[in-house]
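To keep things clear, I will list the structure first and then write my remarks on it.
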Amino acid sequence: MIKKFHYSVKFERNLRNLDKETRLEVVEELHNFAQDPGQTHYRIHPLKRELSGWYSLTVDPDLLIIFRFTKIDHSEVLLHDIGGHEIYK
């Protein structure tokens, strides 16, 4: 169970740029993710190369979140960026 989320400036800025309906969907998905991070529909996977040490979470096929766990017990998460596949670059 995730107890706390931290947000980068980049994540906050890109989240604000989404439409209201999408922002509400993101909030709901993050709430569900916090309750059960092991749900398979998030398609969580580790990233490689420049983003090594970070993970990707799928909100929907065109909306992804880059994050990392900040505590060894996975109780805290830093949300780094949100957007389409271009956030990997």
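Kirkwood-based Rg over Rh for the chain (C-alpha set), two decimals?
Working: Rg = 12.1 Å, Rh = 13.1 Å.
For the chain, the value is 0.92.
Can you work out the accessible area per residue across the chain, with the rest of the protein chains kept in place, probe 1.4 Å, in square angstrom? Working shown, then result.
On the way: 5880 Å² over 89 residues.
Ligands and nucleic acids excluded, the figure is 66 Å² per residue.
Among 85, 61, 32, whose Cα lies farthest out toward the positive end of the dipole of the chain, if unit charges sit on the beta carbon of Lys, Arg (+1) and Asp, Glu (-1)?
85
Provide the per-residue ³J(HN,Hα) series for the stretch 51-58, in order, calculated from phi with Karplus coefficients 6.51, -1.76, 1.60 and θ = phi - 60°, each as a whole number of Hz, with x at glycine and proline positions.
9, 4, x, 9, 10, 10, 10, 9
What FRET efficiency comes out for residue 22 versus residue 72 if R0 is 35 angstrom and r is the Cβ-Cβ distance? Round to the nearest 0.05. It would help to have the intermediate numbers written out before the result.
On the way: r = 32 Å, r/R0 = 0.92.
Calculated transfer efficiency: 0.60.
How large a share of the accessible area of the chain, in percent, is made up of carbon and sulfur atoms when the probe is 1.4 Å and the other protein chains stay in place? It would help to have the intermediate numbers written out before the result.
Numbers: 2970 of 5880 Å².
Carbon-and-sulfur percentage of accessible area, whole number: 50.
Between residue 47 and residue 14, what's the calculated FRET efficiency when r is the beta-carbon distance and R0 is 25 Å? Round to 0.05. Walk me through the intermediate numbers first.
On the way: r = 17 Å, r/R0 = 0.68.
The calculated FRET efficiency here is 0.90.
The values are calculated or read from the model by the stated rules, or taken from the named source; none is laboratory data. It should be emphasised that the depicted structure is a prediction, and the values quoted were computed from it without experimental measurement. All Cβ positions, even for glycine, are placed from backbone atoms using ideal geometry, and neighbour counts span all protein chains on display. Remember, those area values only see protein heavy atoms, side chains included, never the ligands or the DNA or RNA. Shrake-Rupley method; radii C 1.70, N 1.55, O 1.52, S 1.80 Å.
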